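Report on one structure; see the data block that follows.
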Amino acid sequence: MQSGFSLPSYAKINWNLRILGKRGDGFHEICTVFQTISLHATLHFVVSEETSITCDDQEIPTDEPNLILRAANVLNRGYKAGRGAKIHLEKRIPAPGGLGGGSSNAAVALIGLMRLWQLEIAPADLQSISEELGSDVPFFLHGGTALGTGRGEQIGPLRDFEENCLLLVAPDVAVPTARAFEDLRASNLTNEAVNRILRVCRLEAESLDLRHSVLINDFERTVFSAFPEILRVKETLLGLGATRALMSGSGSTVFAIFDKQETRQAALKALDHEITWRKFAVAAVSRDEYREKVYGRL
């Protein structure tokens, strides 16, 4: 019987996030720059007769809604592994928080189960499976800094950003993603408009400069209005010396960029009294580092 192993399941932030409009299929067309960061959960894998999920957080469902279990079931049905797996999740990524924790778990489950069950799956097929599981899941097959378009599932690598002085703050606020999209009241898009806007977005993403570019998350306008505590987090971080601060995804986590470790540490200390805010000092994780840690190779 194959021995078990563990893999990290990294969180992500969005350096920027533009909602371009609503497509004919009901989904929203987005243009975003994803970034994996050092905050991570851990998935433990062991071969078993049946597949089961356990988690150290009692609030996380371990039945069918769980994306890890859904990933396992899709692989087992499609590739007839003929085995199961015991998968234990050590959760550390706030959820919901705009950090992609569930999507990362699903992608790492696919990667881990391919290894555990010794499955050979073509990259294009793995991409298709990941798209079925969720819009953010395909990004976590790649990691690093990447452009996300379509629903977020179309991934293109970008030059990796090296940012080692990041601070995440997650207030005790749950923003429903569906509501965040609905509140935007995005206009309908034609195919011609999508192609035209995407060309501009790609150029903006490729020239993004974290020191000088304006970082934009289109969700902030409506989410801050509905959940003013998240706005307070952003304003507090900027007041504590962050050079940039932005909400990640549809919230509620805000990330801040600091120019040096000492400033970040002072900000972290100054937030001690905010007992309902979870804080994480993190760094960007490059594509090469991600592949080495998750796939075991560069």
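Within the stretch 41-52, how many residues turn out to be under 21 Å from the mean Cα position of the chain (by Cα) and open to solvent by 10 Å² or more (accessible area, probe 1.4 Å)? Before the answer, list the steps.
Looking only at the stretch 41-52, we keep the residues that are under 21 Å from the mean Cα position of the chain (by Cα), and these are 41-44.
Now restrict to residues that are open to solvent by 10 Å² or more (accessible area, probe 1.4 Å): 42, 44.
So the count comes out to 2.
Across the stretch 259-297, which residue is most open to solvent (accessible area, probe 1.4 Å) among those that are more than 21 Å from the chain's Cα centre (by Cα) and among the hydrophobic types (A, V, I, L, M, F, W, C)?
Per the stated criteria, the residue is Ile275.
Pick from the stretch 77-114 the residues that are among the charged types (D, E, K, R) and either part of a helix (DSSP H, G or I) or closer than 17 Å to Glu59 by Cβ (or both): which of them is most open to solvent (accessible area, probe 1.4 Å)?
From the stretch 77-114, those among the charged types (D, E, K, R) are 77, 80, 83, 86, 90-92; that's our starting set.
Now narrow it down to the ones that are either part of a helix (DSSP H, G or I) or closer than 17 Å to Glu59 by Cβ (or both): 77, 90-92.
Details: Arg77: 162, Glu90: 79, Lys91: 50, Arg92: 122 Å².
That would be Arg77.
Counting only residues that are at pLDDT below 95 and assigned to a strand (DSSP E or B), which one in the stretch 23-40 is most open to solvent (accessible area, probe 1.4 Å)?
To start, the set of residues in the stretch 23-40 that are at pLDDT below 95 comprises 23-31.
Filter again for assigned to a strand (DSSP E or B), leaving 28-31.
Working: His28: 29, Glu29: 10, Ile30: 13, Cys31: 5 Å².
Selected residue: His28.
Could you give every pair whose Cβ atoms fall below 9 Å, whose first residue belongs to the stretch 59-70 and is without any contact (Cβ under 8 Å) to a residue 40 or more places away in the chain, and whose second residue is assigned to a helix (DSSP H, G or I) and open to solvent by 60 Å² or more (accessible area, probe 1.4 Å), counting only separations of at least 6 or pairs across chains?
Taking only residues 6 or more apart or on different chains, the pairs are Glu64/Arg70.
Could you give me the residue pairs with C-beta distances under 7 Å whose first residue belongs to the stretch 72-86 and is closer than 14 Å to Glu132 by Cβ, whose second residue is of a type in the set (Gly, Ala, Ser) and not in a helix (DSSP H, G or I) wherever it lies, and which are 6+ apart or on separate chains?
Ala72/Ala85; Leu75/Ala81
The values are calculated or read from the model by the stated rules, or taken from the named source; none is laboratory data. Since the structure is predicted, the reported quantities are computational estimates derived from the model, not experimental observations. Please note: Cβ atoms are built from the backbone with ideal geometry, for glycine as well, and neighbour counts cover all protein chains shown. Surface accessibility is based on the protein's heavy atoms, side chains included, excluding ligands, DNA and RNA. Shrake-Rupley method; radii C 1.70, N 1.55, O 1.52, S 1.80 Å.
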